[in-house]
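What follows is a set of notes on a single structure, which appears directly below.
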Amino acid sequence: MNNLRIGNWFRRQEIPKYFGKEYNPGNWASGHVSLEAAVCVFVTGDGAYSDECQQGPKRSGKFVWSSQSSTAPEGKKGREIIDGEKPVHIFYRKTKRERSCQFQYLGAFTYKSHKGSKPMCITFVPEDK
């Protein structure tokens with residue numbers, strides 16, 4: 001994953017190449033992209049989420065994400081996150097208009113905990129912790 005550095009900004013179409021993939025809007029336009037060796041999560045801070053799940057980066061280094069409304073702990077995408085077999089690469093922007101719709105790469109994270117279902121409120125910690 002050359003040049004995929006924490007803090008850098010990327011357009012969604014630029015990201016697949018860092019994972020050896022080609023951009024396909026049908027796959028990469030979603031908030032949760034499943035790959036063979038990784039998961040990419042695209043988060044917009046002012047996006048739709050529940051009051052109980054204030055998504056975004058936290059001072060502790062953790063990241064909280066409100067999944068899509070169809071994600072359940074027993075479902076395929078929920079299990080993929082909970083089982084933690086793949087690193088979760090988080091791309092974040094505060095608003096849809098931030099930096100011309102670019103996402104900032106926050107790094108690779110691992111699952112810490114979750115609550116709820118459809119959507120799930122998931123807490124991640126940086127992969128190195």
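The values are calculated or read from the model by the stated rules, or taken from the named source; none is laboratory data. Values in this document were obtained by computation on a predicted structure and should not be read as measured data. Counting neighbours? That spans all protein chains shown, and the Cβs are built from the backbone with ideal geometry, glycine included. Heads up: the accessible areas ignore ligands, DNA and RNA and are worked out on the full protein's heavy atoms, side chains in. Shrake-Rupley method; radii C 1.70, N 1.55, O 1.52, S 1.80 Å.
Values as computed for the structure displayed
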| quantity | calculated |
| --- | --- |
| Candidate set from the stretch 14-59 (those that are surrounded by fewer than 12 Cβ atoms within 10 Å (Cβ to Cβ) and either touching a Pro at 6+ places or on another chain (Cβ under 7 Å) or not in a loop (DSSP other than H, G, I, E, B) (or both)); member that is modelled with the highest pLDDT | GLU22 |
| Positions within the stretch 1-13 being under 21 Å from LYS96 (Cα atoms), open to solvent by 70 Å² or more (accessible area, probe 1.4 Å) and outside any helix (DSSP H, G or I), in sequence order | ILE6, ARG11 |
| Selection count, the stretch 61-75, where residues are closer than 15 Å to PHE42 by Cα, assigned to a loop (DSSP other than H, G, I, E, B) and of a type in the set (Ser, Thr, Tyr) | 3 |
| The stretch 76-94 residues that are without any contact (Cβ under 8 Å) to a residue 12 or more places away in the chain and over 14 Å from VAL41 (Cα atoms), paired with ones that are among the polar types (S, T, N, Q) and surrounded by 17 or more Cβ atoms within 10 Å (Cβ to Cβ) (beta carbon under 6 Å, 6 or more apart) | none |
| The stretch 117-129, subset open to solvent by 50 Å² or more (accessible area, probe 1.4 Å) and touching a residue at least 24 places away in the same chain (Cβ under 8 Å), residue farthest from SER30 (Cα to Cα) | LYS129 |
| Among residues of the stretch 96-116, those that are more than 19 Å from GLY84 (Cα to Cα) and either modelled with pLDDT of 95 or more or surrounded by 16 or more Cβ atoms within 10 Å (Cβ to Cβ) (or both), counted | 4 |
| Filter pass, LYS58 being among the basic types (Lys, Arg) and at positive phi | no |
| Breaking point among (1) open to solvent by 40 Å² or more (accessible area, probe 1.4 Å); (2) touching a Phe, Trp or Tyr at 6+ places or on another chain (Cβ under 8 Å); (3) modelled with pLDDT of 95 or more, for HIS89 | (1) |
| Boolean, ARG79 is surrounded by fewer than 16 Cβ atoms within 10 Å (Cβ to Cβ) and over 21 Å from ARG97 (Cα atoms) | yes |
